[in-house]
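So the structure is just underneath, and the comments pick up after that.
The values are calculated or read from the model by the stated rules, or taken from the named source; none is laboratory data. What you are looking at is a predicted structure, and each value in this text was computed from that prediction instead of being measured. Don't worry about glycine lacking a Cβ; one is built from the backbone with ideal geometry, like all the others, and counts go over all protein chains shown.
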Amino acid sequence: MSEQHAAASGSRPAVVWFRDDLRVADNPALTAAAGSRMPVVCVYVLDDESPGVRAPGGASRWWLHHSLTALSAALDALGGSLTIRRGPAERVIGDLLAETDAAAVFWNRRYGEAERTVDEAIKTQARDDGREASSFGANLLFEPWTIRTGSGTPFSVYTPFWRACLASPEPRKPLDAPGSIAGAPPLDSLTVTDLGLLPTHPDWSAGLQETWEPGEDAAHEALARFLDEDVAAYKADRDTPGIDATSRLSPRLRWGELSPHQVWHATAAARTRTNAEGAATFLSELGWREFAYHTLFQRPALATENIRSEFDAFPWPRLHPTALRAWQQGRTGIPLVDAGMRELWHTGTMHNRVRMVVASFLIKNLLIDWRLGEQWFWDTLVDADPASNPFNWQWVAGSGADAAPYFRVFNPELQREKFDKHGDYVRRWVPEWQTDAYPEPIVDLAETRRAALAAYDVVKGR
């Protein structure tokens, strides 16, 4: 839109830049723009180019396509529209501000170092150009610089971290969606389809489509259903993969279809004497997500560098691609591992207990670097985010914050006997289990455990 076009529209617009916050309710940036009485330009930029900004993996791109489609419809219903652009965000947003002669630009904060660098550059340039530029806390309960130890340093252990969070002022109440927004004149825009987010050759997304309905409305329905039906038994049942006992909200939070403030306060409102223990356990999982993001804020190379530097000395053997492929495809001959990896491929998610088991098997039985597992999960999880995904892999590897000791090796057979004792989960995903068609294990669990502990002795020696 030219300056002449902007003037003809009656007033200079405010730009709302959507990122990992694909919702209209409890969106502080959108609320600020709607309250400004300016026309509102809503924009999403697919940025696969800015240095250090990690492009979403295949399953995440599928989710993003559908979530953007839902967001676009929600903005249309409010009187606005979603402009879609592609390219390095610093240039694309800068060009958009000039194109619209925007008076202001608003967004909700991101916490990776590369993303913060981009955001700061845009904010600085916008202010130098005489525009208002404001960012808001929307996607964490507590900003990373607000939760500190008594000595003023970041926490490195979860339990005292969460205790400090619970002792802090309660997270703010979620904001209602604007009743309407003043739409700006239409701009040149790509369509969601133009972004090419969906798989085509081949289209492997049938399992995702049958498992999920992305979008803000579906997210709120999922939250309400969990709090109504499952939260009371959450503590008791969440480790049993054969039953549907978890919230399944992680992709909703990853893409910001729900905010943690909405989850926190909805859980508090639904809390009763009979479900109090389950609700507290569920909120502690929200706290684990917070801990991951606070760690990312302090350790931006979380996906590539060991937090505990002594693990840099770990003697990873030469990679055996055949073993890695067997793990990826769920063909290791270890039933619980294979079930988890097939669930992941089909649904874009995996039960949390099984995630720990398959990660431990890759790292400590196959002796494959945790970073290769993290990369596979990044590409195949619909909820892969830049904090929780590498944070959890480092936790299992023993190299991360408050990590499980490396010598804690999950035995996948014992885990199956304990958490899937009737075989419901394994039989669902590995129907050939207990038949002649099922392969022999590709490794001996006891032997490879001993090899892993011997390798860990090198780390201890450093």
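With (1) surrounded by fewer than 16 Cβ atoms within 10 Å (Cβ to Cβ); (2) closer than 26 Å to A236 by Cα as the list, and V396 as the residue in question, which single condition is left unmet? V396 satisfies all of (1) surrounded by fewer than 16 Cβ atoms within 10 Å (Cβ to Cβ); (2) closer than 26 Å to A236 by Cα except (1).
Inspect all residues belonging to the range 440-454 and state whether any of them is farther than 18 Å from P317 by Cβ and not in a helix (DSSP H, G or I). Within the range 440-454, one or more residues are farther than 18 Å from P317 by Cβ and not in a helix (DSSP H, G or I). In this structure, is L78 crowded, with 17+ Cβ neighbours inside 10 Å and either under 20 Å from the mean Cα position of the chain (by Cα) or closer than 30 Å to A266 by Cα (or both)? Answer is yes for this residue. From the list A164, A219, A184, the lone residue that is among the small types (G, A, S) and modelled with pLDDT under 95 is A184.
Return yes when A359 is more than 25 Å from the chain's Cα centre (by Cα) and either among the small types (G, A, S) or over 21 Å from S60 (Cα atoms) (or both) and no when it is not. No; evaluated as a whole, the condition is false for this residue. Counting only residues that are outside any loop (DSSP other than H, G, I, E, B), free of Cβ contacts under 8 Å to residues at least 60 places away in the same chain and surrounded by fewer than 21 Cβ atoms within 10 Å (Cβ to Cβ), the range 262-282 holds 9 of them.
If you check G87, G58, which single one turns out to be under 30 Å from W204 (Cα atoms), touching a helix residue (DSSP H, G or I) at 6+ places or on another chain (Cβ under 6 Å) and of a type in the set (G, A, S)?
G58
How about the range 213-236: which of its residues are of a type in the set (A, V, I, L, M, F, W, C), within 20 Å of D21 (Cβ to Cβ) and surrounded by 21 or more Cβ atoms within 10 Å (Cβ to Cβ)? Hits for the range 213-236 are A219, L223. Among the residues of this structure, L198 does not count as one that is of a type in the set (A, V, I, L, M), exposed (fewer than 13 other Cβ atoms within 10 Å of the Cβ) and either at pLDDT 95 or above or within 21 Å of the chain's Cα centre (by Cα) (or both). Scanning the range 15-46 for residues that are at pLDDT 95 or above and of a type in the set (D, E, K, R) returns R19, D20, D21, R23, D26.
Among the conditions (1) in a helix (DSSP H, G or I); (2) in contact with a Gly (Cβ under 6 Å, 6 or more places away or on another chain), the only one that M350 does not satisfy is (1). No other residue among D385, D424 is within 29 Å of the chain's Cα centre (by Cα), acidic (D, E) and crowded, with 21+ Cβ neighbours inside 10 Å apart from D385. Filtering R331, R318 for residues that are under 30 Å from N365 (Cβ atoms), touching a residue at least 60 places away in the same chain (Cβ under 8 Å) and out of contact with any strand residue (DSSP E or B) (no Cβ under 9 Å at 6 or more places or on another chain) leaves a single hit, R331. The single residue among A455, A404, A446 that is of a type in the set (G, A, S) and exposed (fewer than 15 other Cβ atoms within 10 Å of the Cβ) turns out to be A446. Residues in the range 169-183 that are under 16 Å from W264 (Cβ atoms) and surrounded by 12 or more Cβ atoms within 10 Å (Cβ to Cβ): P171, R172, P174, L175.
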